[in-house]
Structures are given as structure tokens and as C-alpha cells.
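Novice: Take a look at this one; I'll ask things after.
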Amino acid sequence: LDGRSSFELLPLPRTKAMVNHVGERLVTVQDIVGQEVLLENISCYFTFEIDQMSECEFMAELFQKYKVRFLLDLNNLY
């Protein structure tokens, strides 16, 4: 952003549009590599004003709509 890099994983806004964005790209990657890819939840230190759902709801929506599977990092969830 503005020519600066972050060496941290940055959260995504938790919106229905982002569910589709992530889900569609994950399906594409899995088709290319020919195997299932797991997503890991990251530590999230802030939320966005445009968030439409909690982290759990976001992950559940990805699973229900795209069958995304997760590597759940309990430390990051906490």
C-alpha cells in the first residue's frame, strides 16, 4: 500500500463478495494443482467497518458454498 510492504498476513474484509472472491480462486488453484488446498485462519488484530459477518461465519460460508477446508490454528483464533 502506497509503496510499503507488510511482512504480516493482513486480514480480508469479511463480506459475501470476499467469500466469492476467495472461494472462486481457491477452486481455480485446486483445479490447476489437482489436489485439495487447505486455508489457515490468520491472527486478526482489527476488523473492517464493511464486515458483514464474524470470522466463524465467514469460514462457514466458504465451506458451505465452496467446500473449502481449513487448517484451524487455535492460537490465531484465540
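The values are calculated or read from the model by the stated rules, or taken from the named source; none is laboratory data. This is a predicted model, so every value here is computed, not measured. In this analysis, Cβ positions are derived from the backbone assuming ideal geometry, glycine residues included, and neighbour counts consider all displayed protein chains. Areas reflect the complete protein model, heavy atoms only, side chains present, ligands, DNA and RNA absent. Shrake-Rupley method; radii C 1.70, N 1.55, O 1.52, S 1.80 Å.
Novice: Of the residues Asp73, Asp2, which single one is surrounded by fewer than 11 Cβ atoms within 10 Å (Cβ to Cβ) and out of contact with any Gly (no Cβ under 9 Å at 6 or more places or on another chain)?
Specialist: Just one listed residue meets the conditions, Asp2.
Novice: Taking only pairs six or more apart or across chains, which ones have beta-carbon atoms under 7 Å, a first residue in region 23-38 that is open to solvent by less than 70 Å² (accessible area, probe 1.4 Å), and a second residue that is among the hydroxyl-bearing types (Ser, Thr, Tyr)?
Specialist: Every condition considered, the pairs that remain are Gly23/Tyr66; Leu26/Tyr66; Val27/Tyr66.
Novice: Separate question: Can you name the number of the only condition in (1) in a loop (DSSP other than H, G, I, E, B); (2) out of contact with any Pro (no Cβ under 9 Å at 6 or more places or on another chain) that Thr47 fails?
Specialist: The failed condition is (2).
Yes or no, residue by residue, for (1) at positive phi; (2) among the basic types (Lys, Arg); (3) at pLDDT below 95; (4) open to solvent by 100 Å² or more (accessible area, probe 1.4 Å):
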residue: Thr15; (1), (2), (3), (4): no, no, no, no
residue: Glu40; (1), (2), (3), (4): no, no, yes, no
residue: Tyr45; (1), (2), (3), (4): no, no, yes, yes
residue: Asp51; (1), (2), (3), (4): no, no, no, no
residue: Cys56; (1), (2), (3), (4): no, no, yes, no
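Novice: Another question, if that's okay. Could you check, for region 60-69, whether at least one of its residues is free of Cβ contacts under 8 Å to residues at least 40 places away in the same chain, of a type in the set (Phe, Trp, Tyr) and more than 18 Å from Leu10 (Cα to Cα)?
Specialist: Yes, region 60-69 contains a residue that is free of Cβ contacts under 8 Å to residues at least 40 places away in the same chain, of a type in the set (Phe, Trp, Tyr) and more than 18 Å from Leu10 (Cα to Cα).
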